[in-house]
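I have placed the structure first, in the form of structure tokens, so that the comments after it can refer back to it.
The values are calculated or read from the model by the stated rules, or taken from the named source; none is laboratory data. What you see is a predicted model, and the numbers here were worked out from it, not measured in a lab. Cβ: placed from backbone, ideal geometry, glycine included. Neighbour counts: every protein chain shown. Quick note on the areas: whole protein, heavy atoms, side chains included, nothing else; ligands and nucleic acids left out. Shrake-Rupley method; radii C 1.70, N 1.55, O 1.52, S 1.80 Å.
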Amino acid sequence: MTKSQKSGHTKHFNFHFINKYPHTSMTNIAIFVSGNGTNCENIINYFKNNKDINVCLVISNKAEAYALKRAAKHGIPCKVLSKQEISDNTILIPLLEDFDINFIVLAGFMLMVPGFVTEKYEHKIVNIHPSLLPKYGGKGMYGHHVHEAVKAAGETETGITIHYVSNICDGGEIIAQFKTPLSPCDTPDDIEEKVHVLEQQHFPEVIEKVITSMQH
């Protein structure tokens, strides 16, 4: 294992869930994506043989998102919706209901989730952010912009934050954080690689813990 593959530690978990819905044995996940889809595919693989959790829909606001090809390869239905369609509750909500979606995962989704969705799926939407929030979050802080900002600030550590989604950009309640050390010689690309290792290792298992706490 290389230095850049060493994962950090859990800062904290906070599985706060308000169950407003009747118990169901199967949790159906929709993954919202905008880009390459490595986290999306990792989640699909993780739950492939799970009897209680099923990834059954991938939604993207970009038709060219490679995540759609990754999902289709696994036989997952994919839908492309424009920003306007995602903002339309007469389009998005019926689509989610058609697939009996009761949990949403944002995996590199570049739009704000509409308020009518966060209200309907309260504490049932999670996002992953490539920094230790509240640092380097908010508008414009996504992808490589985050890693460049971390490098410019001379941070000695960074990590990932998995959090519930609210109507405030990157402002939802934090579920878990994982850290990785940085060295002065790390480039933004090196930082991105270290963060990616954490994402691949921890995001699916945290999703599973959140859903398991919800089911019980």
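Could you check the range 83-111 and list, in sequence order, the residues that are over 13 Å from the mean Cα position of the chain (by Cα) and either at positive phi or modelled with pLDDT under 95 (or both)?
Asp100
Could we say that Lys51 is at pLDDT below 95 and among the basic types (Lys, Arg) here?
Judged against the criteria, Lys51 is a match.
Of all residues in the range 164-195, count the ones that are open to solvent by 30 Å² or more (accessible area, probe 1.4 Å) and either acidic (Asp, Glu) or assigned to a strand (DSSP E or B) (or both).
9
Residues being in a strand (DSSP E or B) and hydrophobic (A, V, I, L, M, F, W, C): count how many of those fall in the range 127-141.
1
For the range 144-163, which residues satisfy the criterion of being open to solvent by 10 Å² or more (accessible area, probe 1.4 Å) and either touching a strand residue (DSSP E or B) at 6+ places or on another chain (Cβ under 7 Å) or free of Cβ contacts under 8 Å to residues at least 24 places away in the same chain (or both)?
His145, Ala149, Ala152, Ala153, Thr156, Glu157, listed by residue number.
Condition first: open to solvent by 20 Å² or more (accessible area, probe 1.4 Å), touching a residue at least 12 places away in the same chain (Cβ under 8 Å) and not in a loop (DSSP other than H, G, I, E, B). Now tell me which residues in the range 102-126 satisfy that.
Once the filter is applied, which keeps residues that are open to solvent by 20 Å² or more (accessible area, probe 1.4 Å), touching a residue at least 12 places away in the same chain (Cβ under 8 Å) and not in a loop (DSSP other than H, G, I, E, B), the range 102-126 yields Gly115, Phe116, Lys120.
Can you spot a residue in the range 61-71 that is touching a residue at least 40 places away in the same chain (Cβ under 8 Å), under 18 Å from Glu208 (Cα atoms) and crowded, with 19+ Cβ neighbours inside 10 Å?
No, every residue in the range 61-71 fails to be touching a residue at least 40 places away in the same chain (Cβ under 8 Å), under 18 Å from Glu208 (Cα atoms) and crowded, with 19+ Cβ neighbours inside 10 Å.
Would it be correct to say that Ile76 is within 19 Å of Ile162 (Cα to Cα) and touching a strand residue (DSSP E or B) at 6+ places or on another chain (Cβ under 6 Å)?
Spelling it out, it is not the case that Ile76 is within 19 Å of Ile162 (Cα to Cα) and touching a strand residue (DSSP E or B) at 6+ places or on another chain (Cβ under 6 Å).
Cβ-Cβ distance below 6 Å, separation of 6 or more or different chains: which pairs start in the range 13-37 with a residue that is surrounded by 11 or more Cβ atoms within 10 Å (Cβ to Cβ) and end on one that is among the basic types (Lys, Arg) and modelled with pLDDT of 95 or more?
Going by the 6 Å Cβ cut-off, the qualifying pairs are Ser34/Lys62; Gly37/Arg70.
Regarding Ile207, is this residue of a type in the set (Val, Ile, Thr) and within 23 Å of Thr38 (Cβ to Cβ)?
So Ile207 fits the description; yes.
Applying the selection to the range 51-91, what residues are closer than 16 Å to Met110 by Cβ and hydrophobic (A, V, I, L, M, F, W, C)?
Across the range 51-91, the qualifying residues are Val58, Ile59, Ala63, Ala65, Ala67, Leu68, Val80, Leu81, Ile86.
Read through the list (1) out of contact with any Asp or Glu (no Cβ under 9 Å at 6 or more places or on another chain); (2) surrounded by fewer than 19 Cβ atoms within 10 Å (Cβ to Cβ); (3) closer than 24 Å to Glu41 by Cβ, then give the number of the only condition that Leu198 fails.
Evaluating Leu198 over (1) out of contact with any Asp or Glu (no Cβ under 9 Å at 6 or more places or on another chain); (2) surrounded by fewer than 19 Cβ atoms within 10 Å (Cβ to Cβ); (3) closer than 24 Å to Glu41 by Cβ leaves (2) as the failure.
Scan the range 201-216 for residues that are open to solvent by 50 Å² or more (accessible area, probe 1.4 Å), under 15 Å from Asn50 (Cα atoms) and over 13 Å from the mean Cα position of the chain (by Cα) and jot them down.
Listed by number, the residues that qualify are Lys209, Thr212.
Given the structure, is Pro94 surrounded by fewer than 22 Cβ atoms within 10 Å (Cβ to Cβ) and either aromatic (Phe, Trp, Tyr) or closer than 22 Å to Tyr164 by Cα (or both)? I'd like the intermediate steps shown before the answer.
On the way: surrounded by fewer than 22 Cβ atoms within 10 Å (Cβ to Cβ): yes; either aromatic (Phe, Trp, Tyr) or closer than 22 Å to Tyr164 by Cα (or both): no.
Here the answer is no, as Pro94 does not meet what is asked.
When you scan the range 143-154, do you find a residue that is assigned to a loop (DSSP other than H, G, I, E, B) and at pLDDT 95 or above, even just one?
Taking every residue of the range 143-154 in turn, at least one turns out to be assigned to a loop (DSSP other than H, G, I, E, B) and at pLDDT 95 or above.
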